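Some notes on the structure that comes next.
What follows draws every value from the coordinates through simple rules; no lab data is involved. All values derive from a computational prediction rather than experimental measurement. Here Cβ is always computed from backbone atoms with ideal geometry, including for glycine, and neighbour counts include all displayed protein chains.
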Protein chains: 2
Amino acid sequence: MKDYFELADWKIIEGEFNPGDNRFAESIMSLGNGHMGIRGNFEEQYSGDSLPGTYIAGVYYPDKTVVGWWKVGYPEYYAKVPNATNFIGIDVAINGEELDLALWEVLSFRRELDMKQGYLERSFTAESNSGLQVAVTARRFLSMARREVGAVSYSLTPLNQKIELELIPYLDGAITNEDANFGEIFWEAFQSEAETEEKNYSGRGYLNLRTKKSDFLVAAAMEYELSKEPEEITALREKKYVNNRIFLTAEAEEEVKLTKYLGVTTNRDYQDEETGNQAKIRAKEAKQAGWQKLFAEHSRAWSDIWEEGDIIIEGDTAAQQGIRFNIFQLNQTYTGHDPRLNIGPKGFTGEKYGGATYWDTEAYCLPFYLNTRDNEIARNLLLYRYRHLDKARENADKLGLEGALYPMVTMNGEECHNEWEITFEEIHRNAAIVYAIYNFVEYTEEKKYLIDYGLEVITAVARFWEDRAHFNPRKNKYMILGVTGPNEYENNVHNNWYTNRMAVWCLEYALDTIAFLKDEYPQRFQQIWNDLNLSAGELEKWRDMIDRMYYPYAEELGVFEQQDGYLDKELKTVSEIPEEDLPLHQNWSWDRILRSCFVKQADVLQGLYFLSDCYDLTTKKTNFDFYEPRTVHESSLSPCIHSIIAAEIGYQEKAYELYLRTARLDLENVNNDTEDGLHITSMAGTWMAIVHGFAGMKLEERAGEEEQQKILSLTPFIPEKWKSYAFKINYLGRILNIEVSPSEIRVEREKGEPLEILLQGEKQVV
Amino acid sequence: MKDYFELADWKIIEGEFNPGDNRFAESIMSLGNGHMGIRGNFEEQYSGDSLPGTYIAGVYYPDKTVVGWWKVGYPEYYAKVPNATNFIGIDVAINGEELDLALWEVLSFRRELDMKQGYLERSFTAESNSGLQVAVTARRFLSMARREVGAVSYSLTPLNQKIELELIPYLDGAITNEDANFGEIFWEAFQSEAETEEKNYSGRGYLNLRTKKSDFLVAAAMEYELSKEPEEITALREKKYVNNRIFLTAEAEEEVKLTKYLGVTTNRDYQDEETGNQAKIRAKEAKQAGWQKLFAEHSRAWSDIWEEGDIIIEGDTAAQQGIRFNIFQLNQTYTGHDPRLNIGPKGFTGEKYGGATYWDTEAYCLPFYLNTRDNEIARNLLLYRYRHLDKARENADKLGLEGALYPMVTMNGEECHNEWEITFEEIHRNAAIVYAIYNFVEYTEEKKYLIDYGLEVITAVARFWEDRAHFNPRKNKYMILGVTGPNEYENNVHNNWYTNRMAVWCLEYALDTIAFLKDEYPQRFQQIWNDLNLSAGELEKWRDMIDRMYYPYAEELGVFEQQDGYLDKELKTVSEIPEEDLPLHQNWSWDRILRSCFVKQADVLQGLYFLSDCYDLTTKKTNFDFYEPRTVHESSLSPCIHSIIAAEIGYQEKAYELYLRTARLDLENVNNDTEDGLHITSMAGTWMAIVHGFAGMKLEERAGEEEQQKILSLTPFIPEKWKSYAFKINYLGRILNIEVSPSEIRVEREKGEPLEILLQGEKQVV
């Protein structure tokens, strides 16, 4: 699918209609505004292949778990993101014939996503069996300024005759989920209304549905205006469907336009009885404001996002389009306005993988929001986990352990996942939660976060590691057995280097944080110390674990051994795998993958990335040289980390090659599964590959200096093909503008006080 | 449930009716004859809790696989043993009231299984709401002499008034499977007939159903006779149900008896069009023969089985009843008359665990049949696997491997199981297939089996090990990574000692067999050598693997380490587990079980049992002392092996204690799951614990002698509580009768030529 979409700096353009690629294009053309999202489905009836998708943030259905063989501790349900009321729908009938691009001949077709202003436009001309031709232009957006508002404008022009036209704006809640485990319908009817207004030749509709079991209400209200006075309007109200049927006559070449205004609310934000009313108010307000005003507000909001968050690449349109698509989708998915929300692996673009939150958020997405948006947004991502701390404690308790274990997959803090080797064993995720706090505090210097929220989480995670590791007297070492590391092509291994290392890092950070808070906030600290029942003895235990943790290490190779026994494997490289065997997970049985040396995604290297400070370039190079040739990158989260390390150790070409593997992952349907939805969380990795990789941005200790505060360091290079690239960074109240070209590196301060940074290792004041 | 059934040498007696225990009792009271089986369900309508169960050997339904997360290589279906036509049913109405023990008051009740003659008898008196009292005696058997025949006699006596009686013998195919993955109905209607004979006041019924997808036909035909002339008979024929409704009048205290004769056939044995006809013929023949003759044939067959296969224990009725129940059920489940059949884990007693064959057959069941029945029966168990060799080759190929991998669970040779850690990794099962050949040949001296069938299987398994192991140049050893050993409380481990050891044993046996056959059958051998494409180089590779296989070993402890890293675990003993945590699999999450040192079932010890010759008593004792305290025996297959080793190393009390854990497992519902069906395959372990354990029976090398033939050795002891025990052994054409009492060990030859044996280490001629 390399050239499916036209190359353009700000747009994704599908220039012709290919029914077989429709689901793929629908995913790409998805819109979202943090509160809700819709796939690029057609407004009018389409009887061809399509995955209808409307998703409302934070609304889920607890779908009964399906497993082959039950294990103690598995969750009862998997939180699925339900396909919700289709609110964009506008059916069309012309002279009694239904407009349906699966049945009409498509004469021309163009679907384009405008990333700069955040709207989707589709235009086509089509001819019916009876020879009737029409031109349609449909444009829509979900407002970034008014989260509960969306608008669709639908223009139709008969091309070769006068027509009797029916336009049928509707709200349809008789929808299903393809990904339902047992084919259940997730929604039940709650309220519906449809009415017409004789006087204004207008009408409205309202549909309020309730999820079964979880009792979420999602209310949608529609208002509309017409470019022309209709002959008649009728209203239909069913329990899960409402419409207005508008009868018009249009002359040949006369354009008729319907503008549909939508209010969409949930009882996550209002009392049950108020939810529906609020949707109606939103729709009404939107109609009053009108398309122009709404769109202006919306595109201004996008303009603000791009102003700070864009990465501009000169000389490589494919790379430019790729990175913008990633930044665009990330900002559509999560806006940080609601700390109860998080970043689903498919955002608002598909049903798969249900639950909203994976360790992806902390390990990959946080740096993006931290450096491109206000601090509040990253802080909200942290607070999400803070609010789930009690659930994480329950989760650890289920496994018979002290402290807290954050879930692998969750919507509300409860674990949803049901594979023992992941759910129970992929515990390294716990370290990422703490690492995110560290990252946030280092980049924002909001030390107060630690005393208000951070320490509680850090302590609970430290206690988990304290209990989960055990002391092995035979080897005089602490060990962590039976885990799955980031490389999920190993299951139930002993002493995964990354996990052991990050566990110790958590303990170190816990001790550092405690020492720091004791000095800085002595009174509040004493209270927390008591509340958390901390003791000198416990801290002593942590120190002992730090001192005597066991790390698998192959001395003769200078390589951190991914886990005990890794080097006993048949040590091949990816180049030795027959091409037809790739991707391995689609061709090899699981045992074969497991006993092979092939690495799914950065594991030891993930640790070297996180704890970059602790390892010298030689160590990084030795480990990269060993692991990269054995890594199949069958997770979309993998190449970015390898790219960053490659950049750091001077493998610039490799860094660029690895970057390319993710930048256009969805646009080129690299994994052949974009039809299910976009790979939202890995998009942040693409950003990281440029900012942390190519530009080499990190925080460094001020060597030999007393000052605690770290210094921002940049060591940029530019890929050969590029003329320049530029991005901005929000850091300590400054906005820094970084521009890199082959001849020059410019760092400018757009906002805030002067700042000392390291540029290519040299101190400079910006 | 310790005292639920009365103690008796030959009977299992339930003396009162407990609706809450009905499923449990139904399992215990199951009947089978190798061709078919039925649970101890009531003949007449019962609206209380019950698990209706009729099962036909070899008939299965390919039930769509259910998994949470699909892995490449998983089977599409799990072969379920479908609940088949209920053919024992006789509904009863008295004065228009339906007899139903859930609704009537049960005044007395007795259900007893007679193991000596192989029948089930149930008698009760009950009173209806209207005060009507009846006495019923129902007796039934499935003929061991005519496999396709069963008979039910049903006597009813009104106790306190004259009654209008309706007796309704029926065949009901409108049945369901509780264990269906997706609630599917497995059967579709094919043929049904019901007719009455005016002249003889009789009638008949016939029902032939077809399984969906797998197209098995199961035809049931019924004939009957009455003790009294009826007033009228009507017939009802539906697509999946037929009956005769017999109207009678009975005076108070007048007994009325219906005898129902059944023919049950499948298209496994006949052409489709002939299957139904044969069922009708069987039923007709049975009626002609009459109850007395049929029962006499049947009980004679049982008498023959007991004559050779009984174990007689004096002084311990509970132990006597327990071992007889095990022997009885094993003989009901598998009779060896059909080499296409095998031994299901629940036999004909429940639906759970679907597929018929596990490694239990070779590792546990074979010795029982080998020593208590004609050689043909054990040979048929071997031929079952021989016939599936091509499927086993396909199975290995699915995993990308050479040779053959026998399935974990199968009905027709195809793998049914769907947990990667078992399906793909519990590959030690392959060794058990070869070990069974070895066992068979050693005990029968049918060396010809090797050239006709054995070598093909042995070679295919050897090649599997050849490919599955890899050479590790860093350690100069062959290794087998990513396996699950017999102890399923470890998954995906490296170098499971048992697996590595048995793999090498397979290679050794392959080389020995090849050498032997080359000498004994030079011509046939040359042909096989060519057909199998064997080469000197391949044999050399096997020798190298034998020489350089890696075995984890803890030198300082003298213990074979269960797998790499086992000794890194927290080494606790079972006595340290809080009682409320047991059984672990019901209380601990899987990760906790996996990283603990606790052993589900004999693993290293299983190897020491199989390869007993190769290890001295000290080694056995050291390993037993290490592993037994860490073994939770949460598989019913575990205690027998530990018991045998305990007996061998002189831990007699321990051996007895471990024996007791299985002998009455089902009768006392130890695992609290007997309601699902009996633990058929582990029953053979109970037999092994007495014969191989208490009596110490094994084959030993003739030290220092040229002769190849091994010598039968016995080293009996008797548990303190017992006065004596005795059993017979079929060995090399002899029947040996072994009797052990505290004062005396007697070995008598009942049949065949004199034989030299070792008794307590001393040579004797019997």
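Put the Cα centre of segment B:424-441 next to the Cα centre of segment A:13-44 and the gap is 55 Å.
When the Cα convex hull of chain B is projected onto planes of every orientation, the mean area is 34.0 nm².
Counting only lysines at least 8 places from A:K477 when in the same chain, those with an alpha carbon closer than 28 Å to its own are A:K398, A:K541, A:K569, A:K620, A:K621, B:K475, B:K477, B:K569, B:K572, B:K600. Derived from the Cα gyration tensor, the three semi-axes of the equivalent ellipsoid of segment B:41-141 are 39, 18, 11 Å, largest first. For B:A189, the distances from its label point to the matching points in the remaining copies are 3.6 nm, ordered from shortest, with each point set 7 Å beyond Cα toward Cβ.
Using Cβ point charges alone (K and R +1, D and E -1), the dipole size of segment B:194-266 about the Cα centre works out to roughly 860 debye. Compute the Rg to Rh ratio over segment B:203-334 from the alpha carbon atoms, using the Kirkwood formula for Rh, and round to two decimal places. We get a ratio of 1.09 for segment B:203-334. In straight-distance terms, cross-link reach from B:K199 covers every one of the lysines whose alpha-carbon lies under 16 Å from its own, apart from those fewer than eight places away in the same chain; here that gives B:K228.
Between copies, the label points at B:S155 (set 7 angstrom from Cα along Cα-to-Cβ) are spaced 9.6 nm, reported in nanometres from shortest to longest.
Semi-axes of the equivalent ellipsoid of segment A:20-309 are 32, 22, 20 Å, computed as sqrt(5λ) over the eigenvalues of the C-alpha gyration tensor in descending order. In terms of the mean number of neighbouring beta-carbon atoms within 10 Å, the peptides A:348-360, A:515-527 order highest first as A:348-360, A:515-527. Applying D = kT/(6 pi eta Rh) to segment A:288-439, where Rh is the Kirkwood radius over alpha-carbon pairs, T corresponds to 10 °C and eta to 1.306 mPa s, the Stokes-Einstein value obtained is 93 µm²/s. Put simply, the convex hull of the Cα atoms in segment B:561-603 casts, on average, a shadow of 3.2 nm². Consider all pairwise Cα distances in segment A:713-765 and report the whole-number % of them above 19 Å. Cα-Cα pairs in segment A:713-765 separated by more than 19 Å: 26 percent. If the Kirkwood radius is taken over C-alpha pairs of segment A:582-626, then at 25 °C and 0.890 mPa s the Stokes-Einstein diffusion coefficient equals 202 µm²/s. Considering only chain A, the C-beta nearest to the rotation axis that sends A to B is found at A:N492, 2, the distance in whole Å.
Taking all Cα-Cα distances within segment B:614-759, those exceeding 25 Å account for 36%. Legend: mean number of C-beta atoms from other chains within 10 angstrom of residue C-beta atoms, peptide B:558-571, equals 3. Roughly how many Å is it from the Cα centre of segment A:670-737 to that of segment A:458-493, as a whole number? If you average the Cα positions of each part, the centres end up 31 Å apart. Two tests apply to each whole DSSP H helix in chain B, Cα reach of 20 Å or more along its axis and mean Kyte-Doolittle hydropathy of at least 0.5, and none passes both.
Roughly how many debye, to the nearest 20, is the charge dipole of the protein assembly as shown about its Cα centre, given +1 on each Lys and Arg Cβ, -1 on each Asp and Glu Cβ, and no other charges?
660 debye
Which value in Å does the Kirkwood hydrodynamic radius of segment B:312-694 take, with 1/r averaged over all unlike C-alpha pairs and then inverted?
21.3 Å
Principal semi-axes of the equivalent ellipsoid, √(5λ) from the alpha carbon gyration tensor of segment A:367-487, are 27, 17, 13 Å from largest down. Whole-Hz Karplus values for segment B:732-740 come out as 6, x, 9, 10, 9, 10, 10, 10, 10 Hz, taken residue by residue from phi with 6.51 cos²θ - 1.76 cosθ + 1.60 and θ = phi - 60°; glycine and proline positions read x. Looking at segment A:210-277, the GluC sites (Glu not before Pro) that sit in a DSSP loop and have at most 16 other Cβ atoms within 10 Å of their own Cβ are A:E231, A:E238, A:E251, A:E253, A:E254, A:E255. Considering only the Cα atoms of segment A:556-670, their convex hull presents on average a projected area of 7.7 nm². What percent of all Cα-Cα pairs in segment B:382-433 falls in each 5 Å bin, counting up from 0? Answer for segment B:382-433: a P(r) of 5, 23, 35, 28, 8, 1 percent.
Relative intensity of segment A:654-700 on a log10 scale, I(q)/I(0) at q = 0.14, 0.27, 0.29 Å⁻¹, equals -0.37, -0.97, -1.05, per a Debye sum over C-alpha point scatterers of equal strength in the absence of solvent. Distances between copies of A:L699, taken at a point 7 Å out from Cα along the Cα→Cβ vector and listed shortest first: 7.3 nm.
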